[in-house]
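K.L.:
The structure that follows is given in the form of structure tokens.
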Amino acid sequence: MKRLFLSITKGEEIRFLGHLDFLRTLERAVLRAEIPAVFSEGFNPHMKIALDAALGVGVVADLIYLELRVEDSVSLEEVRERLAPQLLKGIRIHDIREAAPEWPKLINYLNEDSYEAEGPVSGTVDEARIQEETARFNGLDSFVYQRVTPKKVREIDIMPLLTEPVAVRIDNGRAYVTFSFLRTRTGSIQPKDIWKILAESFHMPWMPGEFVCRRCGVYHRENGVRMTPFDEAAFPATTQEPEK
Amino acid sequence: MKQVYIDPVWLMHIQKPARYIGGEWNSVVKDHDSVDLHVALAFPDVYEVAMSHLGLKIIYSVINKRSDALAERVYAPWVDMEALMKEKQIPLYTLESSCPVRDFDVLGFTLPYEMCYTNVLNMLHLAGIPLRTADRTEEDPLVVAGGPCVYNAEPVADFFDLFFIGEAEESMGEFLETLKMWKREGRPGGRKEFLRRAAHIRGIYVPSLYEVSYEEDGRFRSIRPLADEAALPVYKRIIQDVDHVVIDDKPILPHIEIVHDRAVLEMFRGCSRGCRFCQAGMIYRPVREKKEENLQEIADRLIRNTGYSEISLMSLSSADYSRLPELVDHLMDNFRDRRVSVSLPSLRVDSFSIDIAKKVQQVRKSGLTLAPEAGTQRLRDVINKNVTEKDIMEACGNAFRNGWSKVKLYFMMGLPTETDEDLAGIADLANRIYQLYHTVTGKWGCRITVSVASFVPKPFTPFQWMGQCSVEEIERKQRYLRGLFTNRNIKFAYHDAKTGYIEAILARGDRRLSDVLETVWKHGATYDSWTEFFDFDRWMESFRECGLDPDFYAARERALDEAMPWDHIHCGVTKDFLRKEWRLAGRGVTTEDCRRHPCNGCAVCPMLPAVLVDYHKENEGHEKTVFVYHER
Ligand code: SF4
């Protein structure tokens with residue numbers, strides 16, 4: 001059995017596929033491609049396939065990592081060649097590599113997401129003010145945000161989670177906000193929170209909830225250094241890269 | 001080609017926005033400039049229901065296989081999307097190209113059930129197309145329809161330019177050729193002239209070419225052609241050679257989970273069991289089976305083209321397929337390593353069916369579904385459901401011995417001659433099945449669901465003359481029956497009597513109902529087949545406004561010689577045969593299935609003409625003798 005990491009795109013065409021729908025689309029593509037995928041045992045076998053995160057409905061991703069287990073008989077090139085023509089418009093394969101059995105699951109390895117949120121501006125746009133407010137936000141040591149879910153209200157200090165300064169750009173009647181934050185086990189912030197905070201507490205010219213999102217990066221961040229599962233140094237010396 | 005603009009931000013507030021974006025695997029996107037004919041295929045219900053409909057998929061393939069035409073899909077937007085479309089002034093558009101429906105040459109609806117009619121009007125409105133044929137201009141697409149409801153399309157006749165009666169794989173081609181010629185000639189005589197040309201095609205019904213008259217007491221009197229081209233009667237079309245008909249072997253994979261998310265293998269068309277309540281059993285005759293080798297090959301293609309992990313063997317009574325055991329064995333062999341399971345959606349009530357079900361459900365036993373339809377043998381004979389108590393018990397016994405412990409039983413209430421004794425028979429039967437589980441397995445706790453629908457008399461059935469049981473009486477029957485279920489392991493469910501009442505009106509209605517439909521839609525009716533949106537009072541109010549008596553359509557028993565609003569449509573089965581069956585029903589005399597027994601004279605075979613195709617050994621090596629039953 002081989003363990004593969006693939007980096008793929010979830011593009012504009014399939015922006016509105018939710019996580020499970022996107023995963024099912026990939027599964028069916030693997031089946032049509034007649035790639036000998038590995039299945040779980042039991043009454044109701046499932047294909048061993050997983051994504052690095054459950055992207056929401058409406059979120060596109062420049063890169064999303066896919067883990068797939070296949071029989072030894074198939075090579076990486078064959079997987080790529082057979083899978084590519086079976087993919088829906090909006091899904092592209094970038095890279096593919098074999099992973100060692102002891103490497104962590106992607107969902108555990110990756111801990112930082114970068115996003116760009118985009119939405120229409122409303123009201124008057126004052127560029128200077130926007131940049132001032134952005135700087136004010138970035139300068140804060142702490143910003144406690146009340147996250148309201150149907151079940152409970154939670155208070156989170158979002159500043160320690162943000163890894164890079166937030167940037168705001170206005171272009172042609174649309175606002176573009178980029179930000180990066182750490183994933184935490186206890187459910188961290190979400191793009192919609194940042195969008196809302198900036199609108200409500202930092203006078204940004206847009207409406208809470210009126211945006212769509214692009215995940216522009218996902219990394220393993222350690223001591224301020226970003227790595228992807230495809231970097232040579234990603235899985236250091238304690239583990240041996242398997243033979244190709 | 002114009003395209004609608006939709007900011008993705010807007011869709012963030014819409015439920016399941018993937019319903020509205022297109023781009024699904026196997027959907028066909030053609031360049032609009034590269035073809036002569038543009039057809040938008042519409043289904044008047046939400047994506048998840050629409051995407052599960054086989055007929056629409058077939059027509060989509062038929063059109064898209066042509067190099068001179070394209071077909072794109074459009075489904076009813078859910079209420080939230082409808083509100084958004086109105087707010088942002090987005091006209092109804094197709095999924096493939098986001099092109100406004102109004103810019104197509106043809107807008108073709110599937111009419112699957114009567115309760116979708118208000119959605120049709122709503123979609124026309126959202127498309128910016130005048131509701132009535134009479135108000136349409138040369139700029140508007142031709143609005144056409146097919147599907148089971150078109151056999152009596154009179155209540156919606158004023159909204160459609162033409163109907164395809166019967167199986168439309170071939171007539172659609174002839175229609176498109178006619179349309180292409182007319183467009184090439186520079187559209188001589190406008191759409192009126194085109195409609196006359198189209199009326200020449202067998203199976204095409206152009207309602208505006210006929211005039212309808214009524215008796216003074218309101219009964220339907222007659223329908224008269226107004227042009228030489230208008231046939232009387234209009235015969236349905238069928239495909240005789242079902243092995244060579246276009247099939248949809250590249251079905252579109254839905255973006256989201258839908259009602260039937262699996263590959264569908266159609267084994268045969270038609271059913272001649274002759275259940276007297278069943279419209280499908282009359283209008284889709286005769287039985288025409290596909291060859292088993294052919295089905296294997298199609299199944300293989302379906303799975304390769306989709307990646308589906310389930311294939312459903314579909315037909316009106318799937319277990320009647322003459323080569324079912326071989327087919328199931330072959331499919332299971334072929335698919336074993338590919339983890340594709342085989343499923344049978346409709347089980348016959350007998351032990352044989354359980355044997356097959358056992359084969360296909362080797363591991364997990366989901367619930368077993370059987371449809372005895374009536375609680376006593378007497379009533380089952382009336383409706384010609386040729387199933388005995390012994391069949392039912394043997395089927396359940398076999399199922400329990402093989403690990404099933406959940407049974408779902410389907411019945412109807414409001415059937416002709418029905419008494420409370422027949423209803424009590426439903427509860428008795430359920431209790432006996434509950435006991436049987438104990439006898440067979442030694443355990444208690446078999447879970448049984450009894451689901452009772454209220455009966456809707458349909459045109460082209462032997463029960464088309466009968467007056468429907470009133471809403472109050474159905475509700476009384478429901479209360480009575482509920483009182484008889486005391487065992488907590490037996491769940492009793494029933495359908496809303498009021499929906500069945502409206503359905504009965506529309507099913508056997510005439511052209512005057514178009515006013516009611518328009519009125520009720522104007523009062524806000526859409527999605528009437530969804531209980532959360534169905535508003536009975538709104539319907540009643542609309543009947544009052546239009547001065548029509550709903551009971552006249554639903555509750556009145558019609559005279560055997562009364563003219564029917566659908567008499568000009570011929571499904572091949574004669575009125576004489578239906579009358580005979582209606583009389584036999586009254587006497588509780590059954591009629592055998594002609595599939596492997598002698599012809600009963602329903603007339604479809606000699607009349608169309610058509611040949612019954614069944615590969616059972618009974619039928620080997622000789623031609624079936626068929627006849628037309630005539631009343632003296
Ligand atoms: S004409 Fe005879 S053989 Fe043909 S479907 Fe009718 S009853 Fe059956």
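The values are calculated or read from the model by the stated rules, or taken from the named source; none is laboratory data. Note that the structure is predicted; figures quoted are calculated from it, not measured. Methodologically, a virtual Cβ is constructed for each residue, glycine included, from the backbone with ideal geometry; neighbour enumeration extends over all protein chains shown. Surface accessibility is based on the protein's heavy atoms, side chains included, excluding ligands, DNA and RNA. Shrake-Rupley method; radii C 1.70, N 1.55, O 1.52, S 1.80 Å.
Listed here are the residues, each with its yes/no results for (1) of a type outside the set (Val, Ile, Thr); (2) outside any loop (DSSP other than H, G, I, E, B); (3) modelled with pLDDT of 95 or more; (4) under 26 Å from the mean Cα position of the chain (by Cα).
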{"position": "B:LYS183", "(1), (2), (3), (4)": "yes, yes, yes, no"}
{"position": "B:GLY186", "(1), (2), (3), (4)": "yes, no, yes, no"}
{"position": "B:ARG191", "(1), (2), (3), (4)": "yes, yes, yes, no"}
{"position": "B:SER208", "(1), (2), (3), (4)": "yes, yes, yes, yes"}
{"position": "B:SER213", "(1), (2), (3), (4)": "yes, yes, yes, no"}
{"position": "B:ARG221", "(1), (2), (3), (4)": "yes, yes, yes, no"}
{"position": "B:ALA227", "(1), (2), (3), (4)": "yes, no, yes, no"}
{"position": "B:LEU232", "(1), (2), (3), (4)": "yes, no, yes, yes"}
{"position": "B:VAL245", "(1), (2), (3), (4)": "no, no, no, yes"}
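K.L.:
Something else now. Assuming B:GLU557 fulfils every condition listed in (1) within 16 Å of the ligand (Cβ to nearest atom); (2) closer than 30 Å to B:GLU472 by Cα; (3) open to solvent by 30 Å² or more (accessible area, probe 1.4 Å) apart from one, which condition is it?
P.N.:
Of everything listed in (1) within 16 Å of the ligand (Cβ to nearest atom); (2) closer than 30 Å to B:GLU472 by Cα; (3) open to solvent by 30 Å² or more (accessible area, probe 1.4 Å), B:GLU557 misses just condition (1).
K.L.:
In this structure, does B:ASP243 turn out to be away from chain A (no Cβ under 14 Å), of a type outside the set (S, T, N, Q) and open to solvent by 50 Å² or more (accessible area, probe 1.4 Å)? Quick ask: steps written out before the conclusion?
P.N.:
On the way: away from chain A (no Cβ under 14 Å): yes; of a type outside the set (S, T, N, Q): yes; open to solvent by 50 Å² or more (accessible area, probe 1.4 Å): no.
Criteria not met by B:ASP243.
K.L.:
Sticking with this one: Output the number of the condition that B:GLU592 fails; it satisfies all remaining conditions of (1) near the ligand (Cβ under 10 Å from one of its atoms); (2) modelled with pLDDT under 95; (3) open to solvent by 60 Å² or more (accessible area, probe 1.4 Å).
P.N.:
(2)
K.L.:
Can you name the residue in the stretch B:599-632 that is within 8 Å of the ligand (Cβ to nearest atom), part of a loop (DSSP other than H, G, I, E, B) and free of Cβ contacts under 8 Å to residues at least 60 places away in the same chain and, of all such residues, is surrounded by the fewest Cβ atoms within 10 Å (Cβ to Cβ)? Write out each step before concluding.
P.N.:
First, pick out the residues of the stretch B:599-632 that are within 8 Å of the ligand (Cβ to nearest atom): B:599-607, B:610, B:612, B:624, B:626-628.
Pick out the ones that are also part of a loop (DSSP other than H, G, I, E, B) and you get B:599-601, B:603, B:610, B:612, B:624, B:626-627.
Still in the running and free of Cβ contacts under 8 Å to residues at least 60 places away in the same chain: B:599, B:601, B:603, B:624, B:626-627.
Numbers: B:CYS599: 19, B:GLY601: 20, B:ALA603: 23, B:LYS624: 15, B:VAL626: 21, B:PHE627: 13.
Ranking the qualifying residues of the stretch B:599-632, first place goes to B:PHE627.
K.L.:
Given the options B:TYR494, B:TYR480, name the one that is touching a strand residue (DSSP E or B) at 6+ places or on another chain (Cβ under 7 Å) and in contact (Cβ under 8 Å) with a residue 60 or more places away in the chain.
P.N.:
So the residue among B:TYR494, B:TYR480 that is touching a strand residue (DSSP E or B) at 6+ places or on another chain (Cβ under 7 Å) and in contact (Cβ under 8 Å) with a residue 60 or more places away in the chain is B:TYR494.
K.L.:
To continue, here is another question. Since A:ASP21 meets every condition but one in (1) at the interface with chain B (Cβ under 7 Å from one of its Cβ atoms); (2) closer than 19 Å to A:GLU71 by Cβ; (3) modelled with pLDDT of 95 or more, which condition does it not meet?
P.N.:
Status for A:ASP21: all satisfied but (2).
A quick yes/no check of all residues on (1) in a loop (DSSP other than H, G, I, E, B); (2) surrounded by fewer than 22 Cβ atoms within 10 Å (Cβ to Cβ):
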residue	(1), (2)
B:ASN334	no, yes
B:ASP337	no, yes
B:SER346	yes, yes
B:LYS359	no, yes
B:LYS385	yes, no
B:LYS390	no, yes
B:GLU394	no, yes
B:ALA399	no, no
B:LEU409	no, no
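K.L.:
Against the definition (open to solvent by less than 40 Å² (accessible area, probe 1.4 Å), farther than 30 Å from A:PHE230 by Cβ and within 14 Å of chain B (Cβ to nearest Cβ)), how does A:VAL177 come out, yes or no?
P.N.:
For A:VAL177, the condition - open to solvent by less than 40 Å² (accessible area, probe 1.4 Å), farther than 30 Å from A:PHE230 by Cβ and within 14 Å of chain B (Cβ to nearest Cβ) - is not met.
K.L.:
Give the residue that is nearest to A:ILE93 (Cα to Cα), with candidates limited to residues of the stretch A:46-68 that are open to solvent by less than 50 Å² (accessible area, probe 1.4 Å) and in a loop (DSSP other than H, G, I, E, B).
P.N.:
Of everything passing the filter in the stretch A:46-68, A:ASP52 is nearest to A:ILE93 (Cα to Cα).
K.L.:
Sort out which residues of the stretch A:5-18 are more than 7 Å from chain B (Cβ to nearest Cβ) and either surrounded by fewer than 19 Cβ atoms within 10 Å (Cβ to Cβ) or at pLDDT below 95 (or both), and write them in order of number.
P.N.:
Result: A:THR9, A:GLY11, A:GLU12.
K.L.:
Determine whether A:TYR109 is modelled with pLDDT under 95 and either within 14 Å of chain B (Cβ to nearest Cβ) or open to solvent by less than 20 Å² (accessible area, probe 1.4 Å) (or both). If you could, list the steps in order and put the result at the bottom.
P.N.:
Working: modelled with pLDDT under 95: yes; either within 14 Å of chain B (Cβ to nearest Cβ) or open to solvent by less than 20 Å² (accessible area, probe 1.4 Å) (or both): yes.
Yes.
K.L.:
Still on this structure: Kindly evaluate B:ASP528 against the criterion of being away from the ligand (no atom under 11 Å from the Cβ), among the acidic types (Asp, Glu), crowded, with 20+ Cβ neighbours inside 10 Å and not assigned by TED's automatic domain parsing to the domain that holds B:LEU295. Break it down into steps so the answer makes sense when it comes.
P.N.:
Numbers: away from the ligand (no atom under 11 Å from the Cβ): yes; among the acidic types (Asp, Glu): yes; crowded, with 20+ Cβ neighbours inside 10 Å: yes; not assigned by TED's automatic domain parsing to the domain that holds B:LEU295: yes.
Considered against the rule, which asks whether it is away from the ligand (no atom under 11 Å from the Cβ), among the acidic types (Asp, Glu), crowded, with 20+ Cβ neighbours inside 10 Å and not assigned by TED's automatic domain parsing to the domain that holds B:LEU295, B:ASP528 comes out as yes.
K.L.:
Starting from the stretch B:509-528, keep only residues that are on the phi > 0 side of the Ramachandran plot, then list their pairs with residues that are buried (at least 21 other Cβ atoms within 10 Å of the Cβ) and modelled with pLDDT of 95 or more whose Cβ atoms are within a distance under 6 Å, requiring at least 6 positions of separation or different chains.
P.N.:
From the stretch B:509-528, no pairs qualify.
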